[in-house]
1. Among A:220, B:209, A:143, what is the fewest-to-most ranking by other Cβ atoms within 10 Å?
2. Name the residue, out of B:152, B:54, B:64, whose mean-square fluctuation peaks in a Gaussian network model built on chain B with Cα pairs under 10 Å.
3. In degrees from 0 to 90, rounded to the nearest 10, what is the angle of the helix B:264-273 Cα long axis to the longest principal axis of chain B?
4. Evaluate the relative contact order of chain B (contact order divided by residue number), counting alpha-carbon pairs under 8 angstrom at least 6 apart; express in whole percent.
5. With chain B treated as a Gaussian network of Cα nodes joined by springs under 10 Å, which of B:200, B:93, B:83 yields the largest mean-square fluctuation?
6. Would you calculate the separation in nanometres between label points at residue A:288 and residue A:222, each defined as 7 Å from the Cα along the Cα-to-beta-carbon direction?
7. Using a 10 angstrom cutoff on alpha carbons, build the Gaussian network for chain B and name the most mobile of B:105, B:261, B:149.
8. Which of B:277, A:374 has the fewest other C-beta atoms within 10 Å, and how do the rest follow up to the most?
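Laboratory data are not the source of any read-out in this text; all were calculated from the coordinates shown. Note that the structure is a prediction, hence the values are computed from the model and not measured. Cβ atoms come from the backbone with ideal geometry, glycine included; neighbour counts cover every protein chain shown.
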């Protein structure tokens, strides 16, 4: 803890910045509570990352849209009434009634145009007649909803084959995934992305800020030029532009996008500190005893600046968690096989219209608790590390 | 003054050049070969070559860069790859709807946030102050997506107080019918962070000596708060607003998307989804230019409202 120790063997050791900060943090009740909450989330992330919990989130253990247990068995009468707006999944309760609305037309089209085997226009032919009939000249009869229908029919069959829970403690989504497991898996993705991206941004910002502030001159001019370019383009526009050119989804891609665009604020703060420190006497003294530039920058000055980087790391983690949620919601974030709070909110948007609110509630509450705790912890950390407050 | 403006404009040139280089680098090196994107899945060598010649990708990079710079200067970015609509026409027609929604949001949000901030700053440290600050912190923790999803569902879908989405031809219809809910939600989203921010600005002023002097000479609390404190707190508030101004141009893209408002923000998202590079390139470059000009205006305004500020 005593990174910035100025202890000397002769005198009684006076507490360093980190010891003082730690003491202040422990004395602060709000800080301790928020730290405990953030710690709990981190443990959850670790446990789910190593596969201890929620590894089987992808299992379809309940009927589609199984409600939370306290609301009892699914209200079937309400669902049939809704089925007008339904996208097909809720009819799991009535497997026999699933019907491809286009099957008859497609079959008829194929029969008349293809002139070949005329498929009987029965309800479940969508799967069998999926093969497109070639009409020559590249023209084809294509069933526009064929793949989706096949999927719906398959889930319907599966749900009749195996028995599924009618309700879960926290409810289920369209496919019958347990919502609480999705939330835990989503926390893992969102927290990892937020933290990793903040780490990248803080490293870049601190390094560039140190070089720029310490050396000044043309290096400073060059890096300031970079800074002015990155800040001239509004943040979200820049992120979307980079997402457009990369055109590939992945957790690492989004970490890079957020990290490579988010360093500017940290750069500015760290640079100002290095400008201030580089002319101080202790740095001149280090120069006099022959310390190299790198040593002066990172061994001598950095411990006096590091608290700024730490607070910024915390600030940016919260910010990037929020950004990741929005990007994933828009479909530019994590890939489809991953679950994040943003993709959950994306699904929840359609579910809400059907009256299934539990996935939305679960993702919202989990995110709100983490972000509130993290913001309060960041504030406490900033206060604790502020050398002006003793 | 004019020397300052000239110097700042002069300093914009390298930054603008940097933005152009960055966008060029992103879309011409990182983005891969757009010919494959354009030709789609069924394509042969001949088609690809055709498209490449059309786009000028076969030419050396300095010529491509020159073409890009010429496009920026003439404002002619060609046509959208997705819809064949001229890019300049896209930008010109999408700005109106964006501003229709965003300008009212900005005005209402600022007035309401400043009033709440004044009130809570006046009773600072009290239970009301702390309660409102806790509510603000919690309100900021809920993703803005949730406000829009739930607001649209409850107020438009469930209660039918507002149209769920849509956009008409007449300005009045757009503003009062279709924009009402987007504006309401936009204000709701921005209220908590702005109230918190403005409260700190006002608290910085409220402890100053001049406030004590004003009270000592017997001014009413009204006058102290509205005339002395607010006027001084307006300086950082205006700066904050000016920083926010360029984002008017890309719109509140989430709100535009949810409510199908044909603005610039929705256009950007559509363009990213369709890999419609000319549209993204054009919007990025122009918004960057607007941001720089807006920053310059912010500095000038800063000088106008606070005579102590010296422009360097």
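1. Working: A:220 17, B:209 7, A:143 22.
Starting with the residue having the fewest Cβ neighbours, the order is B:209, A:220, A:143.
2. B:54
3. That helix lies at roughly 40 degrees to the long axis.
4. Working: 280 pairs, mean separation 79.0, N = 312.
With pairs under 8 Å counted, the relative contact order is 25 percent.
5. B:83
6. If labels sit at residue A:288 and residue A:222, their model points lie 3.3 nm apart.
7. Comparing B:105, B:261, B:149 in a Gaussian network model of chain B, the most mobile one is B:149.
8. By the 10 Å Cβ count, ascending, the order reads A:374, B:277.
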